[in-house]
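Before any comments, here is the structure.
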Amino acid sequence: MMVGKEQELPEGWQGEVLVGGVGVLVVRYEGQFYALRNNCTHKDFPLLGGEVALGRITCEKHGAKFELSTGKAKTLPAVKPVRLYRTEVEDGEVYVSAL
Ligand code: FES
């Protein structure tokens, strides 16, 4: 699934794309692109728009933090990892696909 042109997605950008009918959050952080299922593993709240710091995104609902590079839950109340997707940049376009 194409996300967009790399040069049009600035540092800190977040968006959602559908991969196989599933909403996937894409985040640009420190120049890299990360993609995670856009549902918190605590109560399913969307992660899109959550604060990103120290390589982690915070669920705005109850404050769980997930590591962008692994999907691992780093802070309660979430304990299960969020599903990770592959990101690739090819010819200046950013793509997300299932791992
Ligand atoms: S729904 Fe995300 S922390 Fe509760």
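A Cβ distance below 8 Å, combined with a sequence gap of six or more or placement on separate chains, defines the contacts here; from region 27-43, residues that are farther than 22 Å from Gly63 by Cβ reach no residue that is assigned to a loop (DSSP other than H, G, I, E, B) and among the hydroxyl-bearing types (Ser, Thr, Tyr). If you filter region 18-76 down to residues that are within 14 Å of the ligand (Cβ to nearest atom), in a loop (DSSP other than H, G, I, E, B) and small (Gly, Ala, Ser), you find that the one that is nearest to Glu6 (Cα to Cα) is Gly49. Check region 3-17 and report whether any residue there is in contact with a Cys (Cβ under 8 Å, 6 or more places away or on another chain) and at pLDDT 95 or above. No. The set of residues in region 36-58 being more than 21 Å from Arg86 (Cα to Cα) and either of a type in the set (A, V, I, L, M) or surrounded by 15 or more Cβ atoms within 10 Å (Cβ to Cβ) (or both) consists of His42, Phe45. Scanning region 80-99 for residues that are assigned to a strand (DSSP E or B) and of a type in the set (A, V, I, L, M, F, W, C), we see that the one that is farthest from Val3 (Cα to Cα) is Leu84. Contact annotation: residue pairs with Cβ atoms under 6 Å, 6 or more positions apart or on different chains, pairing a residue in region 49-62 that is farther than 16 Å from Val24 by Cβ with a partner that is part of a loop (DSSP other than H, G, I, E, B) and away from the ligand (no atom under 13 Å from the Cβ), are Gly55/Leu68. The number of residues in region 63-91 that are surrounded by 14 or more Cβ atoms within 10 Å (Cβ to Cβ), without any contact (Cβ under 8 Å) to a residue 12 or more places away in the chain and more than 17 Å from Tyr29 (Cα to Cα) comes to 0.
The values are calculated or read from the model by the stated rules, or taken from the named source; none is laboratory data. Source: prediction; values computed, not measured. Reconstructed Cβ throughout: ideal geometry from the backbone, glycine too, with neighbour counts over all protein chains shown.
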